[in-house]
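Contents: one structure, followed by commentary.
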């Protein structure tokens, strides 16, 4: 089984206010389905009201993020599925629920874990 990150930037989800409850309900239904299927690892949205910080190895904390990172926001789901094809199928379900395309990335395999 491999882990996949399925995500979208918050700006991609342009949903009218009157449709937000339906989108929320649809997204929660996909989450429930993933949990029932045993593939759910983690999911949620970045709290964009909390600014990021960088923490160095000596514990020094710096406001902001890496200079090459413009922004990191939106919604994220991590699933553990048997194949890339399965990850793409779940991404399509999330895309329907959230009404926007989803980016899919594979986590690197770590033989020590």
Original post:
Once region 2-106 is represented by equal point scatterers at the alpha-carbon sites, with solvent omitted, what log10 I(q)/I(0) does the Debye formula produce at q = 0.18, 0.22, 0.24 Å⁻¹?
Top reply: -0.91, -1.15, -1.26
Subject >> region 32-67-region 82-113 distance, computed between alpha-carbon centres (Å) >> reply: 18
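Suppose a student asked you for the relative contact order of the chain, using Cα pairs under 8 Å spaced at least 6 residues apart; what percent would you report?
On the way: 152 pairs, mean separation 55.9, N = 113.
In percent, rounded to a whole number, it is 49.
Sort 8-15, 56-63, 45-52 by the packing proxy (mean of other Cβ within 10 Å over each peptide's residues), most packed first.
Working: 8-15: 14.2, 56-63: 7.2, 45-52: 10.6.
With the highest mean Cβ count within 10 Å placed first, the list reads 8-15, 45-52, 56-63.
Rounded to the nearest 500, what is the chain's calculated 222 nm mean residue ellipticity when only DSSP H runs of at least 4 contribute -39500 (n - 2.57) each, over all residues?
Details: 2 runs with 33 residues, N = 113.
Taking each H run of at least 4 residues, the total per residue is -9500 deg cm²/dmol.
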**OP:** Kindly rank 83-94, 99-110 from highest to lowest mean number of other beta carbons found within 10 Å of each residue.
**Re:** 83-94, 99-110
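Throughout, read-outs are computed from the coordinates displayed, never taken from laboratory work. Just so it is clear, the model here is predicted, and its values are computed rather than measured. We place every Cβ from the backbone using ideal geometry, glycine too, and count neighbours over all the protein chains shown.
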